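Accompanying notes for the structure given below.
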Amino acid sequence: MESPKARPPRLRHTVADGVATVVIDNPAKRNAMTAGMWRALPELLGHLAAEPAVRALVLTGEGETFCAGADISSLREPGEDPQSLAVRAEEALAAFPKPTLAVVRGYCVGGGCQLAAACDLRFAERDALFGVTPAKLGIVYPAASTRRLTALVGPAAAKYLLFSGELIGTERALRTGLVDEVLPNEELGKRAAEFTRVLVSRSQLTQCAAKEFTAGRTDRDGYWAEQARGSGDTAEGVAAFLERRAPRFAWSPEPTGG
């Protein structure tokens, strides 16, 4: 069996039953993201967004850690600014057109927390730890990332995290809205699988429109009203309800290219 230390850092992915699962795989460094991993994520997400079979996406870490942030050694490497790479990856994740769920075990720190915050929802195991740590390194946290964190947890909680760089547990993370559900570790995978099955069964039309609206893109309400009229999803949803059966929603977003 290949040793985790011998395995190169990478992003793995699988697609099954409508769910794409992306795994941050660098266990030798608590799944820290290297420059190459940051660079690879937007391309991978573009590929998965273009797959009609993908109706939801799960982001998680290999083993018992979600992601301990950026690989600090990459900060000393010449070339592209690792912070810019992280922001591009975060923005690509936030823009993914279908529902996204971060499944968090262990450490979710720095760039890892940045990625989790870019997902639509976050489920965590009870002993997970969250932190946004640029104040420990003298780094200015990006404006876009700060706005996203503030929109998620509110100004006071965002300042607490950013000013102190302290790690918080799931009780506080749940209270501030940083996570949506907290479960025992042995139940986390099962609950995530159950929930993604729910997501896959729902109308993609509703989900895609809701993603845009909750992100503040209300300029396309006319577009979505037109999509709803032509989709047949509403008629199918009403018929399925009256007939007491599972709906078979047909609408799917146009491929965006991979």
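Read-outs: derived from the displayed coordinates by stated rules, not from any lab. As the structure is a prediction and not an experimental result, all values here were calculated from the model. Positions of Cβ are backbone-derived with ideal geometry, glycine not excepted, and every protein chain shown enters the neighbour counts.
Entry note: the stretch 204-243 has Rg to Rh equal to 1.06, where both radii use alpha-carbon atoms and Rh is the Kirkwood radius. Placing unit charges on each Cβ (+1 for Lys and Arg, -1 for Asp and Glu) gives the stretch 94-179 a dipole about its Cα centre, and among Thr150, Gly165, Phe123 the Cα reaching farthest toward its positive end belongs to Thr150.
For Val58, the amide hydrogen comes within under 5 Å of the amide hydrogens of Ala20, Thr21, Val22, Leu101, counting only partners 5 or more places away or on other chains and with H modelled in the peptide plane. About the centre of its Cα atoms, the stretch 204-243 shows a dipole size close to 160 debye [charges on the beta carbon of Lys, Arg (+1) and Asp, Glu (-1) only; nearest 20 debye]. In plain terms, if you count all Cα to Cα distances in the stretch 10-199 and split them into 10 Å steps from zero, the share in each step is 10, 40, 38, 11, 0 percent.
Antiparallel beta bridges, as assigned by DSSP with both residues in the stretch 31-151, represent about 0 percent of the total such bridges.
Equivalent-ellipsoid semi-axes (√(5λ), Cα gyration tensor) for the stretch 154-231, whole Å, largest first?
Rounded to whole Å, the semi-axes are 32, 22, 6.
Ordering Gly232, Gln204, Ala215 by the projection of their Cα atoms onto the charge dipole of the stretch 204-243, which places +1 on the Cβ of Lys and Arg and -1 on the Cβ of Asp and Glu, puts Ala215 at the extreme positive end. How far is helix 155-164 tilted, in degrees, relative to the longest principal axis of the Cα atoms in the chain, given as a value from 0 to 90 rounded to the nearest 10? Tilt of helix 155-164: around 30 degrees.
With respect to the chain, whose longest principal axis is taken over its alpha-carbon atoms, helix 221-231 is tilted by about 50°.
Remark: the chain carries a charge dipole of roughly 240 debye about the Cα centre, counting +1 on each Lys and Arg Cβ and -1 on each Asp and Glu Cβ. Our summary gives the chain a relative contact order of 18 percent, counting only alpha carbon pairs under 8 angstrom and 6 or more residues apart. Among the lysines of the chain, pairs at least eight places apart or on separate chains and with Cα atoms under 24 Å apart come to 5.
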